[in-house]
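The values are calculated or read from the model by the stated rules, or taken from the named source; none is laboratory data. Remember, it's a predicted structure, so these values are computed and weren't measured experimentally. Cβ atoms come from the backbone with ideal geometry, glycine included; neighbour counts cover every protein chain shown. The accessibility values were calculated without ligands, DNA or RNA, using every heavy atom of the protein model including side chains. Shrake-Rupley method; radii C 1.70, N 1.55, O 1.52, S 1.80 Å.
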Amino acid sequence: MTDLKLFNSLTRQIETFAPVHEGEARVYTCGPTVYNYPHIGNMRAYVFADILGRTLSWKGYKLTHIINITDVGHLTDDADAGEDKLEKAAAERAQSIWDIARHYTEAFWADVKALNIREPAKWSVATDYIEEMLDFAKSIADKHCYELEGGLYFDTSTVADYGRLARAVTEEGEGRIETVEGKRNAADFAIWRKTPAGETRQMEWDSPWGKGAPGWHLECSVMGENLLGFPFDIHTGGIDHREIHHPNEIAQNQAFCGCGSLDETTHSGAKIWMHNNFLIERSGKMSKSSGEFLRLQLLIDKGYHPLAYRMMCLQAHYRSELEFSWEGLEAALVRLKRIVMAVERLADAESADPAHPKFADYRTKFAEAMSDDLNTAIALTALEEALAVKKVDAGEKRAVVEEMDAVLGLDLFGLTRADMRIRPKDATIAEAEIEDALARRKEARAAKDFATSDALRDELAAKGVEVMDGDPLGWEWKL
Ligand code: AMP
Ligand code: ZN
């Protein structure tokens, strides 16, 4: 099978995947901070991690994938300033942090399911690892940390190549980091934050540095080390993490291992660091502070099947920016629908060995595309081309589609063309009513009763339903 090539942000190069442990792939993905609903940009990060995981499984590696849930420690500023996002949400809404975390974790999981993202081996919850975080911090405190009034700080000058992963170590970037009095280097960060005197927090634990809470970067280092062991194979996250969160994780990992230069990528705790680029949206609806922001549920409420969004993600390379628009989503939906209609024709076929030479080219094209740093855009065209092959055994075709969909995760055998219909939640007419009217209209037409047929059509039109006769996409009707 073709070697799997992946872009490593740490070396800025495409590298051939060679597992740390023979036959295995261990992957850590930075999970959501559960103080609010995830927006669809956040979900792009998990669609990407899912594609990576599925590709590794398809290549035959035994996959152990960890995604964490950050329920403490993530400040409103990624670097080192601001308030804890969860404490802040809890205070504003006069709710318990635990309730907030549970609510948004469940909302996140609902999106994961709707997007057909596979469950990881474990969802590791940060607050379940406080003991381990304290042990990790104690083990590096003497050599790499210093105490300030605010807590225990990591001295970034104590490790080699600090910040190599980041691209934007510009003066502006540095300037963004709020200075805390006594910090030795601008980039130093708190690995343990003390609760200020006279205050109590909902989430705080005892530590050698006073009552307080762990820093966000510490959490991921500790869960990665505990659950996957250093070094593991791949660490993923969104591209923003390449600038602060991951360089800080790497620094802690180097300190913990007593590791030197990052020329040896395993010294970072992982061999390969991968980052998905952002989903962007020009009107600012993706900002969680913008009231109604772009949640997956909003797409569903407007009538789009959630897998149309997955399709939209797969049409772009994960390292490219992707611009969200409703037109783009509709185009992805239509493309998915065409595929689903072709797959419906294979419903009754039984998978058979795809021996026909016509399939070989497309299977190779698919394998090469996925092996080339997860080029899902090309892989999708290979799927469509395989579906379009004529005069071949349906069972063989089915096997090819099953193989490709195991990697792309579009749930092609679970979807029907009716699922692909745009069905806004606030539609004034129930779908059953439309189907019923259309059935009666069909009968009327069969009986050549065109007056009734036309009347039914007008009746539907008055309720906002456009009947689409002879539509090649078989939509039949549209709201
Ligand atoms: P957070 O809950 O803020 O920690 O973010 C969860 C994940 O979403 C992280 O991997 C982020 O890097 C990623 N992310 C945040 N915004 C976007 C975006 N607009 N597009 C893609 N990924 C994003
Ligand atoms: Zn993380």
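If you check residue 396 against the conditions, is it under 30 Å from residue 364 (Cβ atoms), open to solvent by 50 Å² or more (accessible area, probe 1.4 Å), in the same structural domain as residue 305 (by TED's automatic domain parsing) and touching a helix residue (DSSP H, G or I) at 6+ places or on another chain (Cβ under 7 Å)?
Here the answer is no, as residue 396 does not meet what is asked.
Quick grid of which residues meet (1) more than 28 Å from the chain's Cα centre (by Cα); (2) at pLDDT 80 or above; (3) open to solvent by less than 10 Å² (accessible area, probe 1.4 Å):
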residue: 404; (1), (2), (3): no, yes, yes
residue: 411; (1), (2), (3): no, yes, no
residue: 422; (1), (2), (3): no, yes, no
residue: 436; (1), (2), (3): yes, yes, no
residue: 443; (1), (2), (3): yes, yes, no
residue: 450; (1), (2), (3): yes, yes, no
residue: 453; (1), (2), (3): yes, yes, yes
residue: 457; (1), (2), (3): yes, yes, no
residue: 477; (1), (2), (3): yes, no, yes
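I'd like to know if region 186-196 contains one or more residues that are at pLDDT 95 or above and surrounded by fewer than 20 Cβ atoms within 10 Å (Cβ to Cβ).
Looking for residues that are at pLDDT 95 or above and surrounded by fewer than 20 Cβ atoms within 10 Å (Cβ to Cβ), one finds none in region 186-196, hence no.
Which count do you get for residues in region 375-393 that are open to solvent by 40 Å² or more (accessible area, probe 1.4 Å) and of a type in the set (Gly, Ala, Ser)?
1
Filter region 327-358 for residues that are in a loop (DSSP other than H, G, I, E, B) and among the β-branched types (Val, Ile, Thr) and give the result.
The answer is none; no residue qualifies.
Could you please tell me which pairs satisfy a Cβ distance under 7 Å, a separation of 6+ or placement on different chains, a first residue in region 319-339 that is of a type in the set (Gly, Ala, Ser), and a second residue that is open to solvent by less than 50 Å² (accessible area, probe 1.4 Å)?
What qualifies is 320/277; 328/312; 332/308; 332/311; 332/312.
Answer yes or no: is there a residue in region 365-378 that is touching a strand residue (DSSP E or B) at 6+ places or on another chain (Cβ under 7 Å) and either outside any helix (DSSP H, G or I) or in the same structural domain as residue 242 (by TED's automatic domain parsing) (or both).
Within region 365-378 (the criterion being touching a strand residue (DSSP E or B) at 6+ places or on another chain (Cβ under 7 Å) and either outside any helix (DSSP H, G or I) or in the same structural domain as residue 242 (by TED's automatic domain parsing) (or both)), the answer is yes, since at least one residue qualifies.
Applying the selection to region 361-387, what residues are within 25 Å of the chain's Cα centre (by Cα) and small (Gly, Ala, Ser)?
Selection gives 367, 369, 371, 377, 379, 382.
Out of region 132-155, which residues are free of Cβ contacts under 8 Å to residues at least 60 places away in the same chain, out of contact with any Asp or Glu (no Cβ under 9 Å at 6 or more places or on another chain) and open to solvent by less than 30 Å² (accessible area, probe 1.4 Å)?
152
For region 1-103, give me every one of the strands (runs of 3 or more DSSP E) that falls completely inside it and has 2 or more residues that are more than 23 Å from residue 379 (Cβ to Cβ) and either within 16 Å of ligand 2 (Cβ to nearest atom) or touching a residue at least 40 places away in the same chain (Cβ under 8 Å) (or both).
24-29, 62-69
Can you name every residue in region 1-41 that is out of contact with any Asp or Glu (no Cβ under 7 Å at 6 or more places or on another chain), open to solvent by 50 Å² or more (accessible area, probe 1.4 Å) and within 26 Å of residue 116 (Cβ to Cβ)?
Correct list: 1, 37.
Six or more apart or on different chains, Cβ atoms under 7 Å: show the pairs whose first residue is in region 245-263 and under 14 Å from residue 225 (Cβ atoms) and free of Cβ contacts under 8 Å to residues at least 60 places away in the same chain and whose second is open to solvent by less than 30 Å² (accessible area, probe 1.4 Å) and in a helix (DSSP H, G or I).
Hits for this filter: 249/217; 249/220; 249/221; 253/221; 253/268.
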